[in-house]
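The values are calculated or read from the model by the stated rules, or taken from the named source; none is laboratory data. Please read all numbers here as calculations on a predicted model, not as lab measurements. Note that each Cβ is placed from the backbone with ideal geometry, even for glycine, and that neighbours are counted across all protein chains shown.
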């Protein structure tokens, strides 16, 4: 019985990874796709290799528009990005999911830290030895899910897919 | 093939009462042992291991050098095949009845480690970095059931490792409900509490799962020795230290839970520890209880719940350092606990004929003497003198400890010979 349960559990593990990858793949092909400016640096991760550490205009905490208070470390932050030319730029931050967004506006969910807001889109893994592109040349295409969770769709250098 | 034939033969032999059931079992064990020896020593198997290793290393290097050129889908499919294949090979080895239990266990161990690699792979492909502690929690949740179902001591250790990393990452993750003061002291209390809990709960497992119990007990002892040793330096990283002592935000839920778990473990499993001697067991439980009280006191100081008393000035390497009275007191208690725990190991090892415990205890006492010498005296002397005297203390302690150890082992052997 234990043996069969162990086999079943391993099967669950394999299915879990297949399901997880499928969910992430689906996230990347649905929801709104927006372009934002970024500032990259290139640290390394022991397990996952070299990556770009990305910082965005909306990474800097600002007082909430709805409450007037500043985000506390660990608090959920909703950043509203509004279209400005080909890019999306921050319009403000909210403590709750904002209602009645303007045309083509998107709200993304992040978590405040002391000096930064994290959205889970701060690391972009690249091939070992990749050069760090200049800040002014780099933009990121994000895919925003229905739940407000953003995912990096692509990093672009001078408008071209990178690396 | 041989084992299947042997199995059929023994079954018939037992049915016809040619051999007893016990004798048949002994013959099976003997066949397994011989198969192991033969399997490890033949020239063919040596070449097999070498060749297999070379192929595996070559494959890893080939994949690594072409990693960026491999499509994400292929990477994922390869990983899934590897995960399923590794565990599958282990299941096949177990099911086939071949005498390669350890090889099967190794495959399961590798498979359990691969789960973490899989999380890293998916995170790399989809650039996920939202909440790193969740990756460790997921790994822990995935491999713990396997450790239980397979009754595997090695996967139990890996689960414990995953749990320990997760608990530290969760405690250090701002925004987590379990976030605790970002200081060394509260983190160390986690090790102390869980170490005591492992020793306690291992008593409950002793009868049903002796191997897992022994492994968890070993891990618990390691965590406990580690935390007590570092608490011996508490005055350096207590609240009076300007670098570590500034920030006091976060809750004490995690370290308090760890200490509570330690107490529950000792209450539930303590009576099954050291069955050879109730006297020794009671002393051990007292010691472990005192260790938990020390941990609670350190936590109280760290959370600002216990006043630390007046600040005392000391000269160390020409620098004036300030440590409070309570920091000194807690540091001193940790020193005392370290030595008493070491002596308990020696006494219990000698009494229950466990040489390993004697060695551990002697090592602990010796390390304690040398550490305290450098900790207390090293900073008060000129550098040259310190090294000279320090070297003599090191040599003297080593010599004295080894003589002591040999004497105890000799007494143990003499006791055995008389028996």
Got a number for residues in the stretch B:334-373 being outside any helix (DSSP H, G or I) and under 15 Å from residue B:221 (Cβ atoms)? 1
Report yes if residue B:90 is part of a helix (DSSP H, G or I), buried (at least 19 other Cβ atoms within 10 Å of the Cβ) and either within 25 Å of the chain's Cα centre (by Cα) or more than 8 Å from every other protein chain (Cβ to nearest Cβ) (or both), otherwise no. yes
Given the criterion closer than 27 Å to residue B:140 by Cα and either more than 14 Å from every other protein chain (Cβ to nearest Cβ) or part of a strand (DSSP E or B) (or both), identify the matching residue among A:62, A:50, A:25, A:13. A:50
Name the residue that is farthest from the other protein chains (Cβ to nearest Cβ), counting only residues in the stretch A:121-140 that are farther than 12 Å from residue A:56 by Cα and surrounded by 13 or more Cβ atoms within 10 Å (Cβ to Cβ). A:137
All-but-one check, residue B:168 against (1) surrounded by fewer than 23 Cβ atoms within 10 Å (Cβ to Cβ); (2) over 25 Å from residue B:232 (Cα atoms), failing number (2)
Of the residues B:192, B:150, only one is surrounded by 20 or more Cβ atoms within 10 Å (Cβ to Cβ) and farther than 26 Å from residue A:14 by Cα; which? B:192
Single unsatisfied condition, residue B:75 versus (1) in a loop (DSSP other than H, G, I, E, B); (2) touching a residue at least 24 places away in the same chain (Cβ under 8 Å); (3) closer than 20 Å to residue A:28 by Cβ: (1)
Based on what the data block shows, is residue B:162 modelled with pLDDT of 95 or more, within 14 Å of another protein chain (Cβ to nearest Cβ) and either at positive phi or buried (at least 22 other Cβ atoms within 10 Å of the Cβ) (or both)? yes
Quick check on this structure: which one of A:2, A:37, A:44, A:60 is assigned by TED's automatic domain parsing to the domain that holds residue A:129 and in contact with a helix residue (DSSP H, G or I) (Cβ under 9 Å, 6 or more places away or on another chain)? A:37
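Residues checked against (1) in the same structural domain as residue A:95 (by TED's automatic domain parsing); (2) more than 20 Å from residue B:122 (Cβ to Cβ); (3) outside any strand (DSSP E or B):
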residue: A:120; (1), (2), (3): yes, no, yes
residue: A:124; (1), (2), (3): yes, no, no
residue: A:129; (1), (2), (3): yes, yes, yes
residue: A:136; (1), (2), (3): yes, yes, yes
residue: A:139; (1), (2), (3): yes, yes, no
residue: A:143; (1), (2), (3): yes, no, no
residue: A:146; (1), (2), (3): yes, yes, yes
residue: A:151; (1), (2), (3): yes, no, no
residue: A:154; (1), (2), (3): yes, no, no
Identify all residues within the stretch A:72-103 that are more than 14 Å from chain B (Cβ to nearest Cβ), part of a loop (DSSP other than H, G, I, E, B) and touching a residue at least 40 places away in the same chain (Cβ under 8 Å); write none if there are none. A:86, A:97
Quick one: is residue B:199 part of a helix (DSSP H, G or I) and under 30 Å from residue A:16 (Cα atoms)? no
Identify the single condition in (1) surrounded by fewer than 18 Cβ atoms within 10 Å (Cβ to Cβ); (2) within 14 Å of chain A (Cβ to nearest Cβ) that residue B:157 does not satisfy, given that it satisfies every other one. (2)
Being buried (at least 19 other Cβ atoms within 10 Å of the Cβ) and either outside any helix (DSSP H, G or I) or facing another protein chain (nearest Cβ under 8 Å) (or both) is the filter here; which residues of the stretch B:100-115 pass it? B:111, B:115
